[in-house]
Amino acid sequence: MPAPSAPDGPPGPGGEHYFSTSPTSGSRPDLVRLTLPDLTLDLTTDRGVFSPTRIDPGTKLLLDEIRGRTPEVGHRRRVLVDLGCGYGAIAVVLASRHPDDHVLAVDVNERARDLCAANAERLDLDVEVCAPQDVAGSLRIDHLVSNPPIRIGKQALRALLAEWLDRLDDRGCAHLVVRRQLGADSLAAWLVERGHAVERLRSRQGYRVLEIGPKHP
């Protein structure tokens with residue numbers, strides 16, 4: 001989730017980042033098309049959010065790779081989380097592929113949350129959108145999917161991931177996409193040190209797609 005001007009570019013106007021809580025950059029709505037082997041979706045975007053002019057290639061790679069990888073948990077409704085949802089590319093794909101499950105889209109950026117909610121509503125998809133602090137601490141997650149905000153810094157990123165990965169159900173898993181040049185391999189090593197099973201599912205165009213199991217002692 002890099003900056004508003006380009007998928008991996010500098011901050012937007014006034015030094016604003018896509019992980020700002022309340023973007024102040026002027027609104028400039030746009031439309032991007034997400035094309036996958038099983039879906040084609042048009043999404044409304046805007047300035048002040050991640051990758052507003054195109055679907056980020058890492059996100060697209062992640063969505064290609066996770067098809068069919070949501071854990072089976074029996075007959076109950078699964079909880080699927082898009083962490084750092086932006087305008088909702090991951091969330092709406094999860095909801096389209098798994099209409100009987102509970103899809104939760106989480107972001108600190110209020111403009112991103114509004115866009116995600118509007119995109120889901122326009123596509124007639126059931127997505128709950130909320131800020132991180134509004135998610136119950138007791139939530140257990142079956143599938144966490146994220147193109148995480150690497151540019152918040154290593155310590156903040158690790159704290160964020162630790163908080164959410166610790167909510168994985170015993171049969172759950174997470175899928176992350178991270179650029180190799182931005183520390184994908186060191187992040188994977190840190191996750192292993194925390195007690196997670198980590199598998200590299202795909203490497204392409206400088207991105208790594210990681211599959212992460214729940215933490216074990």
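Readers should treat all values here as calculations from the given coordinates under stated rules, not as data from a laboratory. Just so it is clear, the model here is predicted, and its values are computed rather than measured. Reconstructed Cβ throughout: ideal geometry from the backbone, glycine too, with neighbour counts over all protein chains shown.
Here are the numbers for this structure:
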read-out: Number of the exception - L115 against (1) over 13 Å from the mean Cα position of the chain (by Cα); (2) closer than 24 Å to L157 by Cβ; (3) surrounded by fewer than 24 Cβ atoms within 10 Å (Cβ to Cβ); value: (3)
read-out: Residue count, the stretch 66-89 (criterion: among the acidic types (D, E) and more than 16 Å from L165 (Cβ to Cβ)); value: 1
read-out: Checklist (1) without any contact (Cβ under 8 Å) to a residue 24 or more places away in the chain; (2) among the acidic types (D, E); (3) surrounded by 22 or more Cβ atoms within 10 Å (Cβ to Cβ) applied to D100, failing item; value: (3)
read-out: Top-ranked residue of the stretch 169-185 - restricted to ones that are within 15 Å of the chain's Cα centre (by Cα) and not charged (D, E, K, R), ranked as surrounded by the most Cβ atoms within 10 Å (Cβ to Cβ); value: V177
read-out: Residue selected from the stretch 124-154 under the condition of a type in the set (S, T, N, Q) and surrounded by fewer than 18 Cβ atoms within 10 Å (Cβ to Cβ), by the criterion nearest to V92 (Cα to Cα); value: Q133
read-out: Pairs where the first residue, in the stretch 159-181, is closer than 17 Å to G58 by Cβ and in contact (Cβ under 8 Å) with a residue 24 or more places away in the chain and the second is of a type in the set (F, W, Y) and in a strand (DSSP E or B), C-beta under 8 Å, 6+ apart; value: V177/Y207; V178/Y207; R179/Y207; R180/Y207
read-out: Condition met for A105 (under 14 Å from the mean Cα position of the chain (by Cα) and without any contact (Cβ under 8 Å) to a residue 60 or more places away in the chain); value: yes
read-out: Candidate set: the stretch 188-214, residues that are of a type in the set (A, V, I, L, M) and in contact (Cβ under 8 Å) with a residue 40 or more places away in the chain; chosen: the one nearest to D166 (Cα to Cα); value: I212
read-out: Given (1) crowded, with 19+ Cβ neighbours inside 10 Å; (2) in contact with a strand residue (DSSP E or B) (Cβ under 9 Å, 6 or more places away or on another chain), number of the condition L157 does not satisfy; value: (2)
read-out: Residues being surrounded by 18 or more Cβ atoms within 10 Å (Cβ to Cβ) and touching a Gly at 6+ places or on another chain (Cβ under 8 Å) - total across the stretch 26-82; value: 7
read-out: Residue count for the stretch 80-119, restricted to those that are of a type in the set (A, V, I, L, M) and in a strand (DSSP E or B); value: 7
